[in-house]
Amino acid sequence: MPHAIRVHETGGPEVLKWEEIEVGEPAVGQVKLRQEAAGLNFIDVYYRTGLYELDRPFTPGVEGAGIVEAVGPDVTNVKVGDRVAYGGPLGGYAEVRLIPADRIVKLPDSISSEQAAAMMLQGLTAHMLLRKVYAVKRGEAILIHAAAGGVGLIACQWAKALGATVIGTVGSDEKADLVRAHGCDYPIVYTRQDFVAEVERITEGRKVPVVYDGVGRDTFMKSLDCLAPRGMMVSFGNASGPVDPIPPLLLARKGSLFLTRPGVHDYVAARDDLETAASELFEMVVAGKVKVEVNQRFPLNEAAEAHRALESRKTSGSTILTI
């Protein structure tokens with residue numbers, strides 16, 4: 001029988017249990033997918049700890065890639081043997097899974113399953129941030145927090161390809177070197193540099209029109225001070241913890257700022273939007289404008305160790321679980 005990681009109670013990485021599972025045949029609109037790799041994301045931690053509540057038990061994981069083993073009735077967009085990937089439906093930490101056919105996309109021959117598992121959710125998130133939530137324009141300076149993370153590295157490269165001046169925060173000199181090699185013009189090592197002062201210096205006091213913040217509590221308030229009048233604060237993650245409530249009047253006082261908390265699933269809920277976003281992502285990767293860095297690999301049954309590495313900020317780029 002195939003195996004999967006199951007969560008019966010919320011808590012630390014130790015609640016991730018390796019168990020045998022039964023996988024039935026696909027129902028109407030479903031496919032059975034034999035996975036070759038699954039992605040690791042901070043949202044997996046949010047589900048595991050209960051920050052984002054789910055009925056239990058559940059299998060975490062929201063991105064992966066593999067080969068279609070069977071298709072259910074009325075499925076026409078893929079066939080048995082197709083290489084596919086997804087970023088969204090829960091259940092990725094599994095050797096075999098059922099998944100809605102309208103949530104998967106075919107992979108180009110030039111993109112491996114490991115690459116796809118490392119980039120689908122993160123790449124779709126970067127597309128959402130840079131192309132939809134705030135459409136980055138050539139010549140603009142932008143700030144990306146956690147620039148050495150999975151989303152951060154993709155976003156730095158994509159923003160650079162769009163002609164932006166990219167400022168990014170990182171936690172070490174090694175990560176500064178990494179992001180500099182991936183499109184970040186001005187890495188800021190936040191452990192010893194004040195990123196607000198650095199943004200003001202780099203922009204000669206103009207500040208930035210947008211901040212992309214997946215860190216949360218530790219960076220949120222200071223990020224508001226990096227924004228130019230009528231700038232947009234894009235809070236898309238809580239790696240350091242949830243952001244505390246703020247009075248709306250604060251946004252007015254800091255320059256009539258905009259605040260949004262986007263979720264990628266809302267931006268690719270329609271099949272056409274998913275196909276468009278995935279196609280643009282694949283084009284960037286195939287053209288070499290975005291290089292997907294798989295810097296850590298863990299066997300699927302060692303998912304707990306992967307979570308410990310992610311939470312301790314010992315990872316850079318993307319991390320995958322191999323199957």
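Between GLU9 and ARG192, the modelled label-to-label distance comes to 4.4 nm, taking each label 7 Å out from Cα in the direction of the beta carbon. Considering only GLY237, GLY29, GLY66, the Gaussian network model of the chain with Cα springs below 10 Å gives its largest mean-square fluctuation to GLY29. Ignoring lysines fewer than eight residues from LYS207 along the same chain, the ones with Cα atoms less than 21 angstrom from its Cα are LYS137, LYS160, LYS222, LYS254.
Summing charges over neighbours of GLY39, with a neighbour being any other residue whose Cβ is under 11 Å away from its Cβ, gives -3 when K and R count +1 and D and E count -1. Can you bin the range 238-309 into rounded, prolate or oblate? Criterion: square roots of the alpha carbon gyration tensor eigenvalues sorted a ≥ b ≥ c, rounded for a/c under 1.5, prolate for a/b above b/c, oblate for the rest. Oblate shape, in that a/c is at least 1.5 and b/c is the bigger or equal ratio. Counting charges near TYR86 (Lys, Arg +1; Asp, Glu -1) among other residues having Cβ under 14 Å from its Cβ returns a value of +2.
In summary, the lysines within cross-link reach of LYS79, defined as a Cα separation below 17 angstrom excluding same-chain residues under 8 places away, comprise LYS32, LYS106. When the chain is treated as a Gaussian network with alpha carbon springs shorter than 10 Å, the biggest mean-square fluctuation among LEU227, LEU51, LEU178 belongs to LEU51. The 3J(HN,Hα) values that the Karplus relation (6.51, -1.76, 1.60; θ = phi - 60°) gives for the range 183-193 are, in residue order, x, 7, 6, 9, x, 10, 7, 5, 6, 9, 10 Hz. Gly and Pro appear as x. If a/c stays under 1.5 just call it rounded; otherwise compare a/b with b/c (prolate if a/b is bigger, oblate if not). Do that for the range 138-278, with a ≥ b ≥ c from the square roots of the Cα gyration tensor eigenvalues. Since a/c stays below 1.5, the shape of the range 138-278 is classed as rounded. Estimated from the Cβ-Cβ distance and a Förster radius of 25 angstrom, the FRET efficiency linking ASP185 and ARG297 is about 0.25. Taking Lys and Arg as +1 and Asp and Glu as -1, the other residues whose beta-carbon sits under 12 Å from that of ARG308 total -1. In the chain, taking the dipole from charged Cβ atoms about the Cα centre, the farthest positive-side position among SER316, VAL23, THR59 is held by SER316.
Peptides 267-280, 14-27 ordered by packing proxy, namely the average of other Cβ atoms within 10 Å per residue, highest first: 267-280, 14-27.
LYS289 to ARG131: FRET efficiency via 1/(1 + (r/R0)^6), r the Cβ-Cβ distance, R0 22 Å, to the nearest 0.05?
0.95
Mean residue ellipticity at 222 nm, helices only, the chain: -8000 deg cm²/dmol; runs of at least 4 DSSP H residues each add -39,500 (n - 2.57), and the sum is divided by the number of residues. The modelled label-to-label distance between ALA70 and ASP273, using points 7 Å beyond Cα along the C-beta direction, is 3.3 nm.
Label point of MET1 set 7 angstrom out along Cα-Cβ; within the range 28-68, amide nitrogens under 17 Å from it belong to 57-59.
Could you size up the charge dipole of the chain around its Cα centre, putting +1 on the beta carbon of Lys and Arg and -1 on that of Asp and Glu, and report it in debye to the nearest 20?
1020 debye
Since every read-out is calculated from the coordinates, none of them should be taken as a lab result. Fair warning: this is a prediction, and the values are worked out from it, not measured in the lab. Here the Cβ is made from the backbone with ideal geometry for all residues, glycine too, and neighbour counts use every protein chain on show.
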